[in-house]
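The values are calculated or read from the model by the stated rules, or taken from the named source; none is laboratory data. On a predicted model such as this, the values are computed, not experimentally measured, just so you know. All Cβ positions, glycine included, derive from the backbone under ideal geometry; neighbour counts span all protein chains shown.
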Amino acid sequence: MTMQTQAQSNGTRPLLEFMYRLAQAYLASGEQTALIELFLRRVASARGFRRARVVAFPTAIFITLHGEHEDHVTLAEGPLQSLRLDQIGEVYTLGEAAQRGEVTPEDGLKRLGDIMRSRPRFGVSGVIGGHIVLTVGLAMILAPSPANLMAAGALGGIVGVLKALKGERTVLAAPMSVVAAVVVSLLVFVALGEGLAVSPMCVLIPPLVTFLPGAMLAFGMVELAYGDMVSGASRLISGFVQLVLLAFGLAAGAMLAGAEYGDLVALNAELMADPWIPWAGVAVFAIGVQLHFSAPRNTLPWMLLVMIPTFAAQRAAAGVFTSEVSGFFGTLVATPLVYIIQQRFRGPPSMVTFLPSFWLLVPGSVSLLSVTTMLSDRQAGFDSLIGAVFALASIALGTLVGASLYKWLTETLGLWRLQVGRAAESPGKNGT
């Protein structure tokens, strides 16, 4: 090996390490694999490697850099931890700078390390208190009644404590969701036995909403639509397994309390009819997300700017069509908005404002109810599961159409530019 070749090889190693660690951070943020491949090729191109090949899956990353005399290849595992909103914002800011060639691999690795080691902005109290607030906000949207709100807040605090104890230990993520579901279900049905008038599913869903894999399921369907069969299928299967674990926890808690499976869908609370309560719930939910997920500074107004139109579009569509297709109109509004905020108004990265709006749609709650119902009434659960599939498909379609609408606005009307969705130059992972 000549000295020139060895020097190039030594300079390539930090770049390869930075690229795969950046890919891990993007995967932990929930980004589509097609866009991760595009971002990493841009990073390589900015460092002088214009024929880089990148293949990303939810659990692995393959990178090849073509040097002058030899190729450099690396293989890395998937994400090692989940990220908060402030970490997601920093990752996208760093990635954009790297794509412009403004960050060296060594500096990029240092900044990534600092991002991954950073602590929540509001501390443990913010994690727990924020979970209480977002749980109450979602209960205000789903089934507002004094008993439901108080029960949801108490359960949200318990789950918040469990999540704070888990911390960044991802190995505890799956068992923690089951433990949380068992505890929440047991407490709810014991309270019902003592005469507390609450709506079980409307109280059970809000405290567990942060465990629901709705985004994973919907993005899996988006990747299937793009032709990423391996990534899409793996995310769909992983999301469905998470739903089954949550449903098992709910059913186990009900059994320990001596309740019947049919009690899961009973409606016992007298709901409040004030039309402003769900809209106030959106604001409360946004504040809870800001605290619990440590959203970046000055992000709350941008989140509300996306969440309120998204919620309005979903409610309007549900009044005209069915609830299964209302998610299409919600994400149809949210997707262009988040890109506009990022590019036109220099707001936070699109994923930071998109994820809270996505959680607001609660796509996973329909599937959770379906899987739980199947434990007692298979025919009813199967029918509900079909409805849940249509709901997830409509949300995924809304994301696709919304991204296409934004691209049409940028290219046809010339307002501002951002390439979204799968790029034409992206090589397929399935032989396309």
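Of everything in the stretch 154-185 that's at pLDDT below 80 and hydrophobic (A, V, I, L, M, F, W, C), which residue is farthest from Phe285 (Cα to Cα)? Can you show your working first?
Keep residues of the stretch 154-185 that are at pLDDT below 80, which gives 166-175.
So of that shortlist, the ones also hydrophobic (A, V, I, L, M, F, W, C) come out as 171-174.
Working: Val171: 28, Leu172: 26, Ala173: 23, Ala174: 24 Å.
Filtering first and then ranking leaves Val171.
For a quick check of your reading: which helices (runs of 4 or more DSSP H) sit entirely within the stretch 192-256 and have at least 1 residues that are more than 21 Å from Lys163 (Cα to Cα) and without any contact (Cβ under 8 Å) to a residue 40 or more places away in the chain?
Working: elements: 200-208, 214-226, 229-256.
Those helices (runs of 4 or more DSSP H) span 214-226, 229-256.
Inside the stretch 291-401, counting only helices (runs of 4 or more DSSP H) that do not spill past its ends, which hold 2 or more residues that are of a type outside the set (Lys, Arg) and at pLDDT 85 or above? Don't jump to the end; show me each part of the working.
Numbers: elements: 300-320, 323-343, 350-360, 363-374.
Where helices (runs of 4 or more DSSP H) fall fully within the stretch 291-401 and carry at least 2 residues being of a type outside the set (Lys, Arg) and at pLDDT 85 or above, they are 300-320, 323-343, 350-360.
With respect to the numbered conditions (1) modelled with pLDDT under 75; (2) more than 20 Å from Gly137 (Cβ to Cβ); (3) in contact with a helix residue (DSSP H, G or I) (Cβ under 6 Å, 6 or more places away or on another chain); (4) not β-branched (Val, Ile, Thr), which one is the sole condition not fulfilled by Leu250?
Status for Leu250: all satisfied but (1).
Could you tell me how many of the residues in the stretch 128-153 are under 20 Å from Leu246 (Cβ atoms), at pLDDT below 90 and of a type in the set (A, V, I, L, M, F, W, C)?
Here the count works out to 7.
Quick one: Gly156 ticks every box in (1) among the small types (Gly, Ala, Ser); (2) part of a strand (DSSP E or B); (3) not assigned by TED's automatic domain parsing to the domain that holds Phe18 except a single one, so which number is it?
Evaluating Gly156 over (1) among the small types (Gly, Ala, Ser); (2) part of a strand (DSSP E or B); (3) not assigned by TED's automatic domain parsing to the domain that holds Phe18 leaves (2) as the failure.
Hey, among the residues in the stretch 189-227 that are modelled with pLDDT of 75 or more and touching a Lys or Arg at 6+ places or on another chain (Cβ under 6 Å), which one's surrounded by the most Cβ atoms within 10 Å (Cβ to Cβ)?
Restricting to residues being modelled with pLDDT of 75 or more and touching a Lys or Arg at 6+ places or on another chain (Cβ under 6 Å), the top hit is Gly220.
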